[in-house]
Amino acid sequence: MPSLIDRLKVPILTVLISLVLFFVTVKLFGPIPFAVTSVMTQKTDFFTVEGLGEATGTPDSAQFVVGVNKTAATVEEAQTQVNQAVTKITAALKDLGIAGSDIKTTNYSVNPNIDYSLSRQTTTGYTVDTTMTVTLKDANKANKALDTATASGANIISGVTFTLNDDEKTKLEDKARALAIKQAKEKAQKISNQAGIKLGRVINISVNSGTPGPIMYDKMAFNAGGGTAPVAPTQLQPGENKVSITVTLFYETL
């Protein structure tokens, strides 16, 4: 009868040969790949609801365009008349407390006046135009500033706007956003209760601002005196600016 050692020789030899072949294979061909099956699941069911928030505020700053238009026989004469008027207008606006840095020239042009009625073109004179944009940090000065400009020689007035400063606008946006989120949450709770849906956490949010532009008045809304004081003081009202924000909430459904 073979001994225990004899009986174990064949299995041990087989294991050793297998190990040697394994290491040789790894050495020559690299690691043996093992296939692993991966299954990923992602919950895509969600519930969306929208809320609208609005907040209003009284504009605290204003801006308008003021200018002078003069026609004369020569360029020099027209320029002199315009420059004199601009100097007077600027000084008057500064006397109201408007800083020089808030009075900015935005246009200056010189154009010949051509008569086409004759057999040949004839220059009959020259027109000089200039405009300045005036920024008022205090909207309450708008009416007085316009009257002062026209009384000082301005015959061009346009682009009157009333706006909110950045800090006030940010406050109104925060308020409108908070109201929109509150409305959206209340609506989500009400609809989910009625529909028998169980809501989880908010997984996303979308915010859309619908803030309108500044309040603008047409140049025909007041008197441009052309160097003479208006019959009655200008009466522009800044009104209110509205900030509107729409919020969409995306809820997980359980």
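Filter the range 66-77 for residues that are assigned to a strand (DSSP E or B) and surrounded by fewer than 20 Cβ atoms within 10 Å (Cβ to Cβ) and give the result.
Asn69, Thr71, Ala72, listed by residue number.
If the requirement is being more than 26 Å from Val243 (Cβ to Cβ) and in a helix (DSSP H, G or I), which of these qualifies: Leu172, Leu146?
Working: Leu172 fails: more than 26 Å from Val243 (Cβ to Cβ).
Only one candidate qualifies: Leu146.
Does Lys185 satisfy being basic (Lys, Arg), farther than 30 Å from Thr48 by Cβ and open to solvent by 60 Å² or more (accessible area, probe 1.4 Å)?
no
Mind listing just one residue for me: the one in the range 78-96 that is surrounded by 13 or more Cβ atoms within 10 Å (Cβ to Cβ) and of a type in the set (S, T, N, Q) and, of those, farthest from Thr127 (Cα to Cα)?
So the residue we want is Thr90.
Out of Gly153, Gly200, Gly196, report the one residue that is at pLDDT 90 or above and touching a Lys or Arg at 6+ places or on another chain (Cβ under 7 Å).
Gly153
If you go through the range 150-159 one residue at a time, do you hit one that is without any contact (Cβ under 8 Å) to a residue 40 or more places away in the chain and part of a helix (DSSP H, G or I)? Break it down stepwise before answering.
Of the residues in the range 150-159, the ones without any contact (Cβ under 8 Å) to a residue 40 or more places away in the chain are none.
No: the range 150-159 contains no residue that is without any contact (Cβ under 8 Å) to a residue 40 or more places away in the chain and part of a helix (DSSP H, G or I).
Residues in the range 97-114 that are open to solvent by less than 50 Å² (accessible area, probe 1.4 Å) and outside any helix (DSSP H, G or I): how many?
Going through the range 97-114 one residue at a time, the tally reaches 5.
In this structure, is Asp129 under 30 Å from Glu76 (Cα atoms) and either charged (D, E, K, R) or modelled with pLDDT under 90 (or both)?
yes
Name the residue that is surrounded by the most Cβ atoms within 10 Å (Cβ to Cβ), counting only residues in the range 115-134 that are in a strand (DSSP E or B) and either touching a Phe, Trp or Tyr at 6+ places or on another chain (Cβ under 9 Å) or basic (Lys, Arg) (or both). It would help to see each step written out before you state the result.
Residues of the range 115-134 in a strand (DSSP E or B): 115, 122-134.
Going one step further and asking which of them are either touching a Phe, Trp or Tyr at 6+ places or on another chain (Cβ under 9 Å) or basic (Lys, Arg) (or both), we end up with 122, 128-131, 133-134.
Values: Thr122: 12, Val128: 22, Asp129: 17, Thr130: 21, Thr131: 21, Thr133: 16, Val134: 24.
Once the filter is applied, the top-ranked residue is Val134.
Would you confirm, using the coordinates I've provided, whether Lys171 is open to solvent by 30 Å² or more (accessible area, probe 1.4 Å), more than 30 Å from Gln81 (Cβ to Cβ) and of a type in the set (D, E, K, R)?
yes
So Asn140 fits all but one of (1) open to solvent by 80 Å² or more (accessible area, probe 1.4 Å); (2) more than 29 Å from Gln235 (Cβ to Cβ); (3) among the polar types (S, T, N, Q); what number is the exception?
That leaves (2) as the condition not met.
The values are calculated or read from the model by the stated rules, or taken from the named source; none is laboratory data. None of these values were measured; they are calculated from a predicted model. All Cβ positions, glycine included, derive from the backbone under ideal geometry; neighbour counts span all protein chains shown. Keep in mind that these areas ignore ligands, DNA and RNA; they rest on the heavy atoms of the full protein, side chains included. Shrake-Rupley method; radii C 1.70, N 1.55, O 1.52, S 1.80 Å.
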